[in-house]
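Novice: Structure incoming, see below.
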Amino acid sequence: MWTEQWARDRVAGDRGISTIEVVIIAPVFFLFILVLVAFGQLANGRGAVDGAARDAARAGSIQRDQNTAMAEARRAAEADLRDVCSGPVTVTKTSAGFEPGDVFKVEVSCEIRGLAMLGLDVPTRISGKAISPLDPYRRAA
């Protein structure tokens, strides 16, 4: 008899505990998911910038002159990063010359959205580098 009364009192005292647990744990769980998504966007941005650098180096390496090569490299990088970057895309040529036998090196960088979706205005500038040999059968002028 005494154990039945104790069990009933204990059950009555625990009512509403699961509601309180959900109210406390749900926002923490939701924030954790948002942080995972934000860091996923950063990882995706890193891959996109590296791919854009590769495409920019290749687009520039098949051109006949250096000015056209830089214009095509910028165009390729901007096309690749249109939906990834929140600011302007910067393409910088880091190789010395533009003669047959040389390489065309570029560095591509931009600001990735990443943590901005969480309300954290942390500027995240990601850059990628790529090298492509100048094509011996480059486009004619």
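The values are calculated or read from the model by the stated rules, or taken from the named source; none is laboratory data. Not measured: the values here are computed from a predicted model. Glycine also receives a Cβ, built like all others from the backbone with ideal geometry; neighbour counts cover every protein chain displayed.
Novice: For the range 71-91, give me the residue count where each residue is farther than 12 Å from Gly128 by Cβ, among the charged types (D, E, K, R) and outside any loop (DSSP other than H, G, I, E, B).
Specialist: Within the range 71-91, residues that are farther than 12 Å from Gly128 by Cβ, among the charged types (D, E, K, R) and outside any loop (DSSP other than H, G, I, E, B) number 4.
Novice: Another question, then. Kindly list the number of the only condition in (1) modelled with pLDDT under 85; (2) over 15 Å from Ser127 (Cβ atoms) that fails for Ala26.
Specialist: Failed condition: (1).
Novice: Further question: Out of Val103, Val84, I need the residue that is under 18 Å from Ile62 (Cβ atoms) and either surrounded by fewer than 19 Cβ atoms within 10 Å (Cβ to Cβ) or at pLDDT 80 or above (or both). Which one?
Specialist: Answer to the selection: Val103.
Novice: On to the next question. Please verify whether Phe104 is in contact (Cβ under 8 Å) with a residue 40 or more places away in the chain, aromatic (Phe, Trp, Tyr) and in a strand (DSSP E or B), treating the condition exactly as stated.
Specialist: Taking the combined requirement at face value, the residue satisfies it.
Novice: If we scan the range 34-50, do we find a residue that is farther than 30 Å from Phe104 by Cα and free of Cβ contacts under 8 Å to residues at least 40 places away in the same chain?
Specialist: Within the range 34-50, one or more residues are farther than 30 Å from Phe104 by Cα and free of Cβ contacts under 8 Å to residues at least 40 places away in the same chain.
Novice: Name the single residue, out of those in the range 36-67 being surrounded by 14 or more Cβ atoms within 10 Å (Cβ to Cβ) and of a type in the set (Val, Ile, Thr), that is farthest from Ile112 (Cα to Cα).
Specialist: Ile62
Novice: Count, please, the residues in the range 28-70 that happen to be in a helix (DSSP H, G or I), more than 12 Å from the chain's Cα centre (by Cα) and of a type in the set (D, E, K, R).
Specialist: Summing the residues that are in a helix (DSSP H, G or I), more than 12 Å from the chain's Cα centre (by Cα) and of a type in the set (D, E, K, R) in the range 28-70 gives 3.
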